[in-house]
Amino acid sequence: MAMHHRLKVHVHIEANMETALIEVRGMLTVANIRALNVIARRTGALLPGREIVIDLTRARAVSEAITALHDPAQLTELTGEGKSAKPCRLRIVDPPPISLTHSHGVHAQDPHSRPARLRSTKSKEHA
C-alpha cells in the first residue's frame, strides 16, 4: 500500500519584501518535492533578487528528497538563474536527521513531538 505524505507549507513574506520564509512541515519525499519546488519558484518570481529561505527544521525528509533539493541543476531552476534578470538568493535549512532506531519495541520519537505522558503501573490492592 502506498503512503500519501502531505506537506504543510506556510510562506511568510517580510513587510519590507526583502525576504521570504517558506516553512515546511510534514514528510518531504521524492514524490511531493515537486509541490515545494513550485511554491519556491512562485515565491522567487514574486520577489526577484531577494532572499528565499526554505526552512525544513520542522519537517521530516527522506534522504533522497534532500539530495534532490540540493542538486545544482534544481537549485539553478529554483533561483531563476539564467532565466531571470534578478535571480533570487536561495537558502535551505535542512531538517534534523530521522532516527530509525527502536527502543524496547517502541519507535524513536520525532524530536518535535510532545513527550508522551507516563501512566502509573502500580496496581491497587483491594482488602
Whose amide H sits under 5 Å from the amide H of L28, counting only residues 5 or more places off or on another chain, with H placed in the peptide plane? R60, A61, V62
Karplus 3J(HN,Hα) series, Hz, for the stretch 23-34 with 6.51 cos²θ - 1.76 cosθ + 1.60 (x for Gly, Pro): 8, 10, 10, x, 10, 8, 10, 5, 5, 9, 5, 4
If amide H atoms are built 1.01 Å from N in the plane of the peptide, which residues on other chains or at least 5 residues away come under 5 Å of the amide H of I54? I22, R91, I92, V93
At 0.36 nm per residue, and after removing the present C-alpha to C-alpha distance, how many nm does the segment from V53 to T19 gain when stretched out fully? 11.5 nm
Could you run the Karplus curve 6.51 cos²θ - 1.76 cosθ + 1.60 with θ = phi - 60° over the stretch 80-96 and give me ³J(HN,Hα) per residue in whole Hz, x for Gly and Pro? x, 4, x, 10, 10, 5, 10, x, 7, 9, 10, 10, 10, 9, 5, x, x
Expressed in angstrom, Rg and Dmax over the Cα atoms of the stretch 8-98 are 12.4, 39
In whole percent, what relative contact order does the stretch 8-98 give with Cα contacts below 8 Å and a gap of six or more residues? 31 percent
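Rule-based calculations on the coordinates, nothing more; no lab input. All values derive from a computational prediction rather than experimental measurement.
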